[in-house]
Structures are given as C-alpha cells and as structure tokens.
Amino acid sequence: MKIITFAIPCYNSAAYMRKCIESLLPGGDFVEILLIDDGSTKDNTAEIADEYAAKYPGIVRAIHQPNKGHGGAVNTGIQNATGIYFKVVDSDDWADGYAYSKILSALGKMTKPENQVDALFANFVYENEAVVHKHKLIYRGYLPEDRVFGWDEVKNLPPDKYLMMHAIFYRTELLRECGLVIPEHTFYVDNIFVAAPLRYVRRMYYVDVCFYRYFIGRSDQSVKESNLIKNLGNQFTVTEYLVDMLLETPGGTGIPQCDRMVLNVLIGCLTVCTVFTYRSNREDYNKRLQSLWELIATDYNLNKKVHSKTLIKLITIPGEFGKLLASKGYEIYNTFNGAN
C-alpha cells in the first residue's frame, strides 16, 4: 500500500530534477513517485526519468506524454496515482528531510478509511537565491496542530497566510470524486488545484513543519516578473475560471470558513492580475482587467465580498496615484518576501 503519491511534472528538467527526486526517495516503499515527462525535447529529462524508474522499480514510475503543460501533467498524475494521498512537487523544488519524516508519520496514522482526512496542510519556504532570510509561510495559530479538525476550528487566514499548492496534500480519491481537471497549456493553474477541491474538504490535519522548499531564482520561471507580464493572459484565464466557478455556486459551500479560504485564493489571483496590468502598461491587459471586474460585478454578493477585502481596496484606488501605490506596494512586499 502506498501512503502517498508524489507527482513530479518534468519539462526539460534535467539540470535540477535529480535533487527533487532524491529528496523524496527516503520515503521508500511507503511512497510512489510519478516522474511525468511532459514532452521534453531539449535535454535528457526522459532518460533520467527512465533511469530512476529502473533503479527504484517499486517506488518510481516514469510516464512519458506529449507536452500538455503543467496542468496536463498534474491531470496525468491524478489519473495514475495509487497512493491514498496526493502531492504535486515541481521538478525544481524539493522536500525537507526532517519535515518529510513528520509528514509520513502523520499520514501513516490516517490510512484506514475511517481515519482518513481530505487534506493535510504543512508550511513551506521560499528558497529565493537573491534573499538571505528565506520567507516562510507558517500556519501556526490558524490551524489546529497534530489532530483531525473541521472547518469550525479554522481561523481566518490574513492576506500574508495565503494558501498555495506547496502547502497542501489532498486525498487522492477526493480529487477524482470532485471531477478536478486542470486546464492544459496554462501557467498558474496551481490556484485551481488549491481552490476547486478545497470546497469538498471536510476533515483536515496540520503538521507544523516546513516540508516544501519552493525554489525561486531561475530566469525562465513563470513567477519571474518579466515572465509574469508576458504570460499574464494565463493568469487572467485562471482567475476567470475561479470567478466562473464561484458564480456557478452562488451559495458557496455553506461553510463560511471554507468559502473565505477559497475566496482568498481568488483575491490573490485578482491582485496579481491588477498589479501586473498596471506594471505592464499594456492596453490588451487593461481591457481584460476591466472585463474581469465587470464579470465579478454581475453577482452582487461576490462583488461585495471581493471589495470588502482590504487588499482589493488598496489596489483599486482610482486614478494614476492608485496604480502607482499598488505597484510600489508590490515592490516593497517583494523586497522583503522574495516571492518572485
């Protein structure tokens, strides 16, 4: 029995994927590692995947597919996973060894159907090469520690405690049961992976360790500012997906804490769309941003909830001063936190 499946989307990842894989191998026979070669052609990613699959046949599987983008690779991982729980680890990131043992210990106690949880949360670290003091996302004090809990015990997360894919482990069958299908050939779909299944989560667990090490420093990463601006259309696509999702279920889940956490994912996406539209100075993005806000305004309750958020109030101050304030606010935040 595999406690957890780690899906590693690999696209021309030969230069760094070994570090990622090696950090997960200590899980031994309790884990399954799916190396999803997403149509790599520029290096020997496919050969490295096959090498690990041959060396660790009971742990590693190599899956080769035509290029479908990060979302398509995640979909393939979900379809092929045999572990009770599921975690995406990008090929340039890695797991902390001490935290890994704590996570496996916790999940190992939740394998029987009656003991299983829908989601497990852990902290993560921004491993930004340009920043001396690495920024950590820690949920201590907001989520009960080392025990199963429900939404009624979850405290409201402030804007600086946003939930990202790096922090979450889902029960594999929940991902299948909720019909999750990530858009292919689209950047920033991590937000969909977090928000869409989260609405179906009822039983949770939190381990107060920094498991995931989120590397930032490569010039070709999608989170680099120049690439964010170039690919901002993808961010709009993801944000529109989330808005449509919420418009289709106007009553939400009926669980205020859950709905607030899902809304916070949307707020983060809206902030990125708004701030980087200002910084890009591109008319096509301005038009799409306007259409996005008009879409939100079609639902009174959603519009009210979105505009009640302090962060949205700050980045939507009218006029050139408002745009400058939002842009400078991002620069200050990024200086201290090294988010991209």
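Per this entry, V194 is counted among residues that are over 18 Å from S280 (Cβ atoms), in contact with a helix residue (DSSP H, G or I) (Cβ under 9 Å, 6 or more places away or on another chain) and touching a residue at least 24 places away in the same chain (Cβ under 8 Å).
Of the helices (runs of 4 or more DSSP H) that lie entirely inside the stretch 184-250, those containing 1 or more residues that are over 18 Å from the mean Cα position of the chain (by Cα) span 225-230, 232-248. Screening Y139 with (1) without any contact (Cβ under 8 Å) to a residue 40 or more places away in the chain; (2) in contact with a helix residue (DSSP H, G or I) (Cβ under 8 Å, 6 or more places away or on another chain); (3) of a type outside the set (A, V, I, L, M, F, W, C) gives one miss only, at (1).
This table checks each residue for (1) over 29 Å from G108 (Cα atoms); (2) of a type in the set (A, V, I, L, M, F, W, C); (3) crowded, with 18+ Cβ neighbours inside 10 Å; (4) in contact with an Asp or Glu (Cβ under 6 Å, 6 or more places away or on another chain).
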| site | (1), (2), (3), (4) |
| --- | --- |
| D37 | no, no, yes, no |
| S40 | yes, no, yes, no |
| E47 | yes, no, no, no |
| Y52 | no, no, yes, no |
| K55 | no, no, no, no |
| P66 | yes, no, no, no |
| H70 | no, no, yes, no |
| A73 | no, yes, yes, yes |
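Within the stretch 148-180, the set of residues being at pLDDT 95 or above, farther than 26 Å from A7 by Cα and part of a loop (DSSP other than H, G, I, E, B) comprises G150, V154, K155. Scanning the stretch 225-258 for residues that are under 24 Å from V125 (Cα atoms), surrounded by fewer than 16 Cβ atoms within 10 Å (Cβ to Cβ) and of a type outside the set (S, T, N, Q) yields one hit, E225. Within the stretch 14-64, the set of residues being in a loop (DSSP other than H, G, I, E, B) and without any contact (Cβ under 8 Å) to a residue 12 or more places away in the chain comprises just one member, P57. Residue pairs whose Cβ atoms lie under 7 Å apart, separated by 6 or more positions or on different chains, with the first residue in the stretch 174-188 and farther than 11 Å from G71 by Cα and the second surrounded by fewer than 19 Cβ atoms within 10 Å (Cβ to Cβ) and at pLDDT below 95, do not occur. Just to be sure, is D96 in contact (Cβ under 8 Å) with a residue 60 or more places away in the chain and within 20 Å of I182 (Cα to Cα)? Spelling it out, it is not the case that D96 is in contact (Cβ under 8 Å) with a residue 60 or more places away in the chain and within 20 Å of I182 (Cα to Cα). Scanning the stretch 80-138 for residues that are of a type in the set (S, T, Y) and either closer than 16 Å to F215 by Cβ or under 19 Å from the mean Cα position of the chain (by Cα) (or both) yields Y85, S91, Y100, Y126. For the stretch 255-299, a residue qualifies if it is at pLDDT 95 or above and assigned to a loop (DSSP other than H, G, I, E, B), and the qualifying residues are I255, T298, D299.
Against the condition of a type in the set (A, V, I, L, M, F, W, C), farther than 20 Å from G251 by Cα, surrounded by 11 or more Cβ atoms within 10 Å (Cβ to Cβ) and modelled with pLDDT under 90, how does L311 come out, does it pass? Yes. In the stretch 113-132, the residues that are on the phi < 0 side of the Ramachandran plot and in a strand (DSSP E or B) form Cβ pairs under 9 Å with partners that are of a type in the set (S, T, N, Q) and crowded, with 17+ Cβ neighbours inside 10 Å, at six or more places apart or across chains, as follows: Y126/N337; N128/N337; N128/N340. Scanning the stretch 1-59 for residues that are modelled with pLDDT under 95 and of a type in the set (A, V, I, L, M, F, W, C) yields one hit, M1.
Between Y85, Y11, the distinction of being among the hydroxyl-bearing types (S, T, Y) and out of contact with any Lys or Arg (no Cβ under 8 Å at 6 or more places or on another chain) belongs to Y11 only. If I filter the stretch 108-121 for residues that are buried (at least 20 other Cβ atoms within 10 Å of the Cβ) and among the basic types (K, R), do I get at least one hit? There is no residue in the stretch 108-121 that is buried (at least 20 other Cβ atoms within 10 Å of the Cβ) and among the basic types (K, R). Only one of the listed residues (I36, I8) is in contact with a Gly (Cβ under 7 Å, 6 or more places away or on another chain) and over 26 Å from V148 (Cα atoms). That residue is I36.
The values are calculated or read from the model by the stated rules, or taken from the named source; none is laboratory data. Quantities reported herein were computed from a predicted structural model and do not represent experimental measurements. Heads up, the Cβs are rebuilt from the backbone with ideal geometry, glycines too, and the neighbour counts pull from every protein chain shown.
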